[in-house]
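Read the structure below first, then the notes.
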Amino acid sequence: MRAITIPEFGGADVLRAADVKTPEPGPGQVSIDVAYAGANFAEILYRRGVVDVPLPFVPGIEVSGHVRAVGDGVEDLRPGRPVAALTIVDSGGYAEVAVTSADLVAPLDGLPLDVAAAVPSNSTTAFLVLDRVARIEPGESVLVHAAAGGVGSQLGQAARLLGAGRVVGTVGSSAKIEAARAFGYDEVVLRDRRPDGPFDVVVDMVGGPARRAGLDLLAPMGRLVVMGNASGADDVGLSANDLWFANRTVSGFNLAAFSAAHPEQAGRALRRAVAAAESGTLRVRVETLPLERAAEAHRRIESGATTGKLVLAVAP
Ligand SMILES: NC(=O)c1ccc[n+]([C@@H]2O[C@H](COP(=O)([O-])OP(=O)(O)OC[C@H]3O[C@@H](n4cnc5c(N)ncnc54)[C@H](OP(=O)(O)O)[C@@H]3O)[C@@H](O)[C@H]2O)c1
């Protein structure tokens, strides 16, 4: 089958189209004829070698398409069913056929396949981060960094759906303020201008000064969730004693590790996100590029210039 591979770690130029063996589903797994594959910051980390993966490697942590075949023990999914799926545990989404655990599949009920490919990673993460990790309560205030991005565009809306009060986003450039506002943020500010705090929940996937500011802006009993380091900044040192004295909590979340350890729970969150997108309460904005232009998608994400989500058309 046709796939985009990482033959060696490096810049976007290392990505290569190649013919690779078509994967078959094992027990408890399904294979999917991929229609669209989401393009994510995570795949850039694999390509750069930040996450050590065996080479050559087929990236791709989420797809939409139709069930192709099911492995032993899979009862509730049949070939031909339109689905969205997390392929985040073993990757392989930038390909004509992808395999994943049946737990990490959501049947679709009318959601367009291009939009469905953008839901599994970012929208699922948004619900898990706010609900399971930050344990948001009705009326609480939320600050989200990189609010116009793939996951940022979902966090503000998920916060609202979970009953948040004031929801504020930060962006890196003024060109993104309107885009973030369109995703439902009450206020959007440039990241180098500190918003009026404090906040009960801060979600940081940018790192560096944004993480430090997020910590400083926490209300007593506030929770900072660390879920990425898009800026590539050095790690931020935290004082446990300061957390103690100020009644603050810092947590981390990683969807890949969570999905590997708790596939049933990740699958439930995925199906909740898909249902929200199907009902129209969660808006997902996608722009499509053909699979062969995966390197261009990576360059655009790495430039920090994208808003919403890029998806790769495999067999639309
Ligand atoms: N832990 C998890 O499970 C999980 C799940 C999903 C995503 N993530 C993380 O969340 C972050 C965003 O992912 P995404 O897929 O939503 O990507 P994205 O749409 O490209 O968002 C990344 C954003 O980060 C900001 N940014 C700041 N410094 C940057 C730099 N040096 N290079 C590029 N971007 C920079 C940019 O927004 P501004 O212009 O507003 O600064 C950019 O749009 C990534 O760090 C990713 O690893 C983590």
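Since every read-out is calculated from the coordinates, none of them should be taken as a lab result. Everything numeric here is computed off the predicted structure, so don't read it as measured data. Quick reminder, even Gly has a Cβ in these numbers, built from the backbone with ideal geometry, and neighbours come from all protein chains shown.
Length gain on complete extension for the stretch residue 262 to residue 9, per 0.36 nm per residue less the alpha carbon to alpha carbon distance?
On the way: separation 253, 0.36 × 253 = 91.08 nm, distance 2.91 nm.
88.2 nm is the gain from fully extending residue 262 to residue 9.
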Centroid-to-centroid separation of segment 7-32 and segment 129-203 [C-alpha atoms, Å]: 34
Calculated FRET efficiency for the pair residue 303/residue 22, C-beta based, R₀ 35 Å, to 0.05: 0.55
Per-selection Rg to Rh, the chain - Cα, Kirkwood hydrodynamic radius: 0.97
Theoretical gain in end-to-end length, residue 275 to residue 289 [0.36 nm per residue, Cα-Cα removed]: 2.5 nm
Neighbour cut-off at most 13 other Cβ (10 Å), DSSP loop, trypsin sites (Lys or Arg not before Pro), segment 1-84: 21
GluC sites (Glu not before Pro) restricted to DSSP loop in segment 34-91 with at most 11 other C-beta within 10 Å: 75
Paramagnetic label zone (point 7 Å from Cα along Cα-to-C-beta, residue 78; backbone N under 11 Å) in segment 12-43: none
Cα→Cβ-extended label distance, 7 Å offset, between residue 245 and residue 186, nm: 3.0
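Which order do the peptides 89-97, 194-202 come out in when sorted by mean C-beta neighbours inside 10 angstrom, highest first?
The packing order, highest mean first, is 89-97, 194-202.
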Nearest-ten-degree value, helix 263-279 long axis tilted from longest Cα axis of the chain: 80
